[in-house]
Amino acid sequence: MKKKVSILIVSILIISAVGVSIGQLKDTSILGFFNQEKSKDETKDLSKDIELEDTSNLEENLEENLQTEETKLREKLIRVDSNGAVAVGVTFLNPIEDSEDYLSFEVILDTHSVELDQYNLGNMATLFIGDEIKITEGLKWETEGSGHHMIGYLKSPRNYEGKIIDYLESDFIELEINDLDGVASRKFRWEKEEITL
């Protein structure tokens, strides 16, 4: 993802630099000059006078726009369940940052009364890839934080029974978390139209 963003930034900077140069040519009526017969020396001297604008603001604006787009995408892909004493927010990450190795979910747990360290969501989750695939084993749970506020990542290998799972071909993705703080089942679902961005 970072490589794609870097390539996009470089491409936009090049296009902007060419556009700025042409804009400056139009603004100073230099284009008319090139239509007349002038010596090569005069043309070379003239090109020295054309300077490109500072592109640092362009880079900052592009970075802000990319962050805004990712924020919008995250808002579209988050699902929330606030049953019981633990609020759970799950974001399906692959449409944002595709991984060749895993189907990844960011899980945010928030409570004021339950010790969250006691839960290993890798053992409590079931992943459905459409109606065809049901994964109950091999899910990895990696956490940041502890106590009453926790962010974790639930990951399932994309290699399933010798085949790579292509979530884009499925009708839906559903993550079910069972028995978290006495709530029998919490389901987080993404339809095909929501994940094919």
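Each value in this text was obtained by applying a stated rule to the coordinates, not by laboratory testing. In this text, all values refer to a predicted model and were calculated from it rather than measured experimentally. Cβ coordinates were reconstructed from backbone atoms using ideal geometry, including for glycine residues, and neighbour counts include every protein chain displayed.
The listed peptides 96-104, 159-167, 84-92, ordered by packing as a protection proxy, come out as 84-92, 96-104, 159-167 (highest mean of other Cβ atoms within 10 Å first).
Over 24 Å between Cα atoms: which of K72/K192; K76/K187; K76/K192; K76/K163 fall into that group?
Values: K72/K192 18 Å; K76/K187 16 Å; K76/K192 13 Å; K76/K163 29 Å.
Among K72/K192; K76/K187; K76/K192; K76/K163, the Cα-Cα distance tops 24 Å for K76/K163.
Charged neighbours of Q118, selected by a Cβ distance under 15 Å, balance to -4 (K, R count +1; D, E count -1).
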